[in-house]
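*Asks:* One structure is given below, represented as structure tokens, and several questions about it will come after.
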Amino acid sequence: MVSKMSSKMVGSNNLAHARRMVQQLRVEASIERIKVSKASADLMRYCGENAKYDPLLMGIPASENPFKDKKPCTIL
Amino acid sequence: MGEMEQMKKEAEALKTQIEAARKAVHDTDMASAASGVAPAPRVQLKTRRNLKGHLAKIYAMHWSTDNRLMVSASQDGKLLIWDSHSGNKVNAVPLKSSWVMTCAYAPSGNLVASGGLDNMCTVYNLKTPVIKTVKELDAHTGYLSCARFLSDTEVLTASGDTTCALWDLETGKQKTVFLNHVGDCMCLSLSPDMNSFVSGACDSLAKLWDIRDGQCKQTFLGHTSDINAISFYPGGNAIITGSDDCTCKMYDLRADQELITYQDAALNSGVTSLALSMSGRLIFAGYDDFNCNIWDSLKGEKVGVLSGHDNRVSCTGVPPDGMCVCTGSWDSFLKIWN
């Protein structure tokens, strides 16, 4: 496996880095969050509404499956 | 108190504040919320195509938006373009550097891209009489782990230099550099509305970025090792990640936290890749143990497995019409299942 080279680490003594980190945390702290119950309900609704369009979930009839090998016809 | 001390104190206070805010909205968890949902059916998919052609490990694959063509990349030094319906190879693109880690198909179908240990993203035009290199995007100081086209004029890349970048294909220059990860960036996924993307890195964090202003908007914690794979949930409100810690996780963007972990005590191999079925209900996750496990994204249960590869599954992909799933492996084969 290709080895993941370790990145250059910014020294934690670097004041500019500390300022950037605080600024970033301020941005992340300021967002509005919705309740997990609502987030879950919305995801469940999305899955429910789209399940019927999901071929891998519903199964694909052989006649509509572009990957199904068509059997050769034999003329008797 | 020196400014450094002040900064450290404020950082700690902000982290505590974020954790408290996440806890405050954690009124349930996804598994409990989904307990009333009917289980997904047991998923048994058959191998419909076994695509032979590469001579070495396959590292990446990507579907075209036409649901039929796909590009794969192997350390045999080639990109192959396949017609998945016939199983035929449509094109072969020889690579200058065989140490490829990623490939991508442009939404238009006109271009493909590849990159890896050469630190570059090379873009090829498939529609000229002979396939031509149109640009070499050269500015990253680390390996290219992932590339995705927004259009024929813009490409997003993730790199081992810990940055992601948005490139202008006409000038070949970086328009925006996304700085915040402290570990190699390993993967990225574009939001359905194309205004943002998420990245996963070796710092075990996933981050949400605004493409236009370059700002990191949110950071998702929870994994305990490198995040190798990431994907937006259809609908755009959640993301799924896969990690060397052997788990996948779902994070909701609006609740700003992890909703569910997909794990099994018997599974102790890292996750290399993942793809979602069209409704998002099924997660196809490729593992180091040669399998691709299928998870019910709402209930957190394993509902199937794709076995057949003789080596690590390195990449997975579901085409936009959701009609199949493709797995690519270090065994040099691609398989199409449905």
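The values are calculated or read from the model by the stated rules, or taken from the named source; none is laboratory data. What you see is a predicted model; the values in this text were computed from it and never measured. With ideal geometry, Cβ positions are generated from the backbone for all residues, glycine too; neighbour counts draw on all protein chains shown.
*Asks:* So A:K68 ticks every box in (1) in contact with a helix residue (DSSP H, G or I) (Cβ under 8 Å, 6 or more places away or on another chain); (2) modelled with pLDDT under 95; (3) part of a helix (DSSP H, G or I) but one. Which box is left unticked?
*Replies:* Condition not satisfied by A:K68: (3).
*Asks:* On to the next question. Of A:I31, A:I75, which residue is more than 30 Å from B:P39 (Cα to Cα), at pLDDT 95 or above and among the β-branched types (V, I, T)? Quick ask: steps written out before the conclusion?
*Replies:* On the way: A:I75 fails: at pLDDT 95 or above.
Testing whether each residue is more than 30 Å from B:P39 (Cα to Cα), at pLDDT 95 or above and among the β-branched types (V, I, T) leaves just A:I31.
*Asks:* In the range A:1-28, which residue that is modelled with pLDDT of 90 or more and under 17 Å from B:G183 (Cβ atoms) is farthest from the other protein chains (Cβ to nearest Cβ)?
*Replies:* A:R20
*Asks:* Hey, B:S243 hits all of (1) among the small types (G, A, S); (2) over 22 Å from B:A33 (Cβ atoms); (3) touching a residue at least 60 places away in the same chain (Cβ under 8 Å) but one; which does it fall short on?
*Replies:* (3)
*Asks:* Only one residue in B:S269, B:S314, B:S279 is within 13 Å of chain A (Cβ to nearest Cβ) and without any contact (Cβ under 8 Å) to a residue 40 or more places away in the chain, so which one is that?
*Replies:* After applying the criteria, what remains is B:S269.
*Asks:* For the range B:178-202, what are the residues that are in a loop (DSSP other than H, G, I, E, B), in contact (Cβ under 8 Å) with a residue 24 or more places away in the chain and more than 14 Å from B:G142 (Cα to Cα)?
*Replies:* B:N180, B:S191, B:P192, B:D193, B:M194
*Asks:* Here is a further query. Got a sec? Which strands (runs of 3 or more DSSP E) wholly within the range B:1-116 have at least 1 residues that are within 13 Å of chain A (Cβ to nearest Cβ) and within 23 Å of the chain's Cα centre (by Cα)?
*Replies:* Per the criteria, B:47-51, B:58-63, B:69-74, B:78-83, B:100-105, B:111-116.
*Asks:* What number of residues within the range B:180-204 satisfy the criterion of being touching a strand residue (DSSP E or B) at 6+ places or on another chain (Cβ under 7 Å) and within 24 Å of B:V100 (Cα to Cα)?
*Replies:* Looking only at that region, the number is 16.
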